[in-house]
Amino acid sequence: MASRSDLTAVRNTAMTPLRPKDKEHFSIRMSPYKFAERAYAVVEFYAKCDAVEQIQLLWDLDDYTDQENKEVEEVMGKIGNGKVVLDKRRGTTLHDKFDLKVAPPTYGMLMVEDEIVFACDALKMGFYRWTRHPERLVGYEPRLHKENAFQWEYASYTDAMSANRYSMVRLSSTFIHVDYLKLYINYLPRSMYDAIVDSKKCEGIAMSLFVSALTGGRPPLLVDYWATQSRVVLYSPNGSRSDTRRVTLHSCVDTFATELDLRYKHMKIQDARLFHGIFSFGVKVKEDVEEGDNIIPEMSEEEKKVRKRVSRLNSNNVLDKVGWIKKDLKAFMTKRGLVEDTDPWKKKYGISKSRSKSKSD
């Protein structure tokens, strides 16, 4: 771990240049949460995405039964399409998701958890944007910091959308250069490292602010708005790991901003307008348009194909069309009983229609 003076030495560090293969394929670093069946389903779905080169599955043996720990390698062999690397550990901390024991075959890494899953075309669009800006994070779920007089605070997705501003991203659906994972492990201030271990929270806030601190306070980039809406939220009998006390998140933003020198004029963290249009979300880059088809020379043929498939989206039909884009994903997860309030889910978990209706009320 580093001191603040050490961090100064690595500001504006140049990322390792991308190779041709890094512009065609990416790796996934997945941190599942205590529900093996859901983790299997997400791995199986992502393994079918042709842009995915490797899936690193961080598997905490303490979170699963002895039987699940015995069978996970066999299951991955059957469903992983030859792409899965198991990273088995015990007693993991939140920092372990950034601590790679096996070097991935690509410099682009998509950090994911298994509560939320995105359609393959949506992943591709985020990836292609990242390849043109590999020094930035490219995320799907915006967040915001609020600068109050007594304490800076954390603002959720809903808060960010309401303010139409953002400055951070939720890391569990974000593209990142693997060099940042190494820099985080080696240069994150020790006080921040210890606070995350103690609270078991805030590693995503830390990484988002850490990258901003290394890039002049700039906020992350975001994928097209339509792509952020192509997600499916999955069920877990264990509840969601995202449940936390807001006061903890406020404290993390306030403390980390100070530790990373993001409060001060020369390096202050920047926020940006959030919604411009369904093809322009967050900080604008040259390929952004508010609606329609926009092709630039740097785009690969595969990216042009994806853009053509979604070019008919507009502000009037986006919700219906996005439903079509993620229909295969939703059908895949529904069949496995992982989408709440569907008949397979009710049948699998013995939930009556009346109880389901009461919950939704």
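The values are calculated or read from the model by the stated rules, or taken from the named source; none is laboratory data. The model shown is predicted, which means the values in this text are computed figures rather than measured ones. Here the Cβ positions follow ideal geometry from the backbone for every residue, glycine too, while neighbour counts run over all protein chains shown. Quick note on the areas: whole protein, heavy atoms, side chains included, nothing else; ligands and nucleic acids left out. Shrake-Rupley method; radii C 1.70, N 1.55, O 1.52, S 1.80 Å.
So here's what we get for this one:
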quantity: Listed residues 166, 318, 285: farthest to the positive end of the dipole of the chain (Cβ charges); calculated: 318
quantity: Cα lying deepest toward the dipole's positive end in the chain, options 12, 178, 247, charges on Cβ; calculated: 247
quantity: Over 29 Å (Cα to Cα) - which of 286/321; 101/348; 268/330; 70/326 fall in this group; calculated: 101/348; 268/330; 70/326
quantity: Accessible area of region 22-349 divided out per residue, in Å², using a probe of 1.4 angstrom; calculated: 42
quantity: Percent of Cα pairs exceeding the 39 Å cut-off, where the set is the chain; calculated: 13
quantity: Rough spin-label spacing in nm, given labels placed 7 Å along Cα→Cβ, for residue 11 and residue 266; calculated: 0.6
quantity: The chain: DSSP helices with Cα axial extent of at least 15 Å and average Kyte-Doolittle hydropathy no lower than -0.5; calculated: 36-47, 203-214, 246-259
quantity: Residue range of the chain that is longest and free of chymotrypsin sites (Phe, Trp or Tyr not before Pro) which are both DSSP loop and sparsely packed (at most 14 other C-beta within 10 Å); calculated: 1-149
quantity: For region 22-349: relative contact order, % (alpha-carbon pairs under 8 angstrom, 6 or more apart); calculated: 18
quantity: Kirkwood Rh, angstrom, region 100-234 [1 / mean 1/r, Cα pairs]; calculated: 15.6
quantity: Efficiency of FRET from Cβ geometry, residue 238 and residue 258, R₀ 35 Å, rounded to 0.05; calculated: 0.55
quantity: Calculated Rg and Dmax of region 39-78 using C-alpha coordinates, Å; calculated: 11.1, 33
quantity: Fraction of accessible area attributable to carbon and sulfur, region 22-349 (%, probe 1.4 Å); calculated: 47
quantity: Net length gained if the chain between residue 164 and residue 320 were fully extended (0.36 nm per residue, minus Cα distance); calculated: 53.9 nm
quantity: Dipole magnitude of region 22-349 about its Cα centre (Cβ charges: Lys, Arg +1; Asp, Glu -1), debye to nearest 20; calculated: 500
quantity: Qualifying GluC sites (Glu not before Pro) for region 68-138 [loop in DSSP, other Cβ within 10 Å: at most 13]; calculated: none
quantity: Amide H partners (placed H, <5 Å) of residue 29, local residues excluded; calculated: 56, 110, 111, 112
quantity: Furthest towards positive pole of dipole, 212, 144, 41, structure part region 22-349, Cβ charges; calculated: 144
